[in-house]
Every structure is written in structure tokens, then in C-alpha cells.
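A short write-up of the structure that comes next.
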Amino acid sequence: MPHTKSAEKALRQAEKRRAHNRDVKKAIKVQFKKFSEALAKGTPEQKVAEFKLASKKLDKAAAKKVIHPNAAARKKSQLAKKLGITKAK
């Protein structure tokens with residue numbers, strides 16, 4: 001247990017951040033599932049739309065330091081590979 005008021009506040013803030021980060025990561029996982037379902041039996045437009053949403057969620061999470069930017073880039077690359085999008089050189 002924290003001994004000082006500042007330590008108590010830090011604990012409260014850490015709990016809030018943890019809950020928020022968990023929610024963001026859960027939303028990303030849900031979007032990945034939607035993308036996988038769209039890949040399995042969705043229209044081409046739906047596949048691209050789900051990819052864009054997943055990509056957007058990853059970028060936002062990386063910008064807010066919920067996940068590491070390199071991890072976001074890696075996951076986006078994996079999704080694009082599944083979709084069949086290749087990076088133009």
C-alpha cells in the first residue's frame with residue numbers, strides 16, 4: 001500500500017491507465033476478428049474497410065503509447081499481407 005499522498009494518486013492514475021489500455025487492446029483484438037471474418041466470407045469492399053479500421057485503431061494506439069509503434073507497424077504489415085496489399089517501392 002502507498003505511504004504518501006503522491007503514491008496514492010500515482011496508484012489511482014495507474015489503475016485508470018491500465019483499464020483504458022486494456023479497453024484499447026481489446027478493441028484492437030475485436031477488430032482483428034472482424035477482419036478475419038471479412039477475409040473468410042466478406043466482399044472485397046468489406047475486406048478493405050475492415051483492414052482500414054484495424055489499421056486506424058493500431059495507429060491510434062501507437063500514437064498514444066498503448067502499444068509500441070513498431071508492434072503496430074508489424075501487425076499492420078501482417079494484416080496487409082493477409083489482404084494481399086503489397087507496399088509500393
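Want the number for residue 48 to residue 63: 0.36 nm per residue separation, take away the alpha-carbon distance, what's left? If you can, show how the numbers build up before the last one.
Working: separation 15, 0.36 × 15 = 5.40 nm, distance 2.23 nm.
My answer for the length gained is 3.2 nm.
Counting only Cβ charges, +1 for Lys and Arg and -1 for Asp and Glu, the dipole size of the chain around its Cα centre is about 180 debye. Taking Cα atoms, how many degrees apart are the long axis of helix 69-83 and the longest axis of the chain, rounded to 10 and kept between 0 and 90? The answer is roughly 20 degrees.
For the chain, the longest principal axis of the C-alpha atoms and the axis of helix 44-63 are separated by about 30°. The angle between the Cα long axis of helix 5-41 and the main principal axis of the chain comes to about 10°, on a 0 to 90 degree scale. If all Cα-Cα distances of the chain are sorted into 5 Å bins from 0 onward, what percent lands in each bin, rounded to whole numbers? Percent of Cα pairs in each bin: 3, 14, 19, 18, 14, 10, 7, 5, 4, 3, 2, 0.
Pairs of Cα atoms nearer than 8 Å and 6+ residues apart set the relative contact order; for the chain it is 23 percent. Placing dummy labels 7 Å off each Cα toward the beta-carbon, the span from residue 21 to residue 1 is 2.6 nm.
Values in this text are rule-based calculations from the coordinates and carry no lab data. Remember, predicted model here, so these are calculated numbers, not experimental data. Here Cβ is always computed from backbone atoms with ideal geometry, including for glycine, and neighbour counts include all displayed protein chains.
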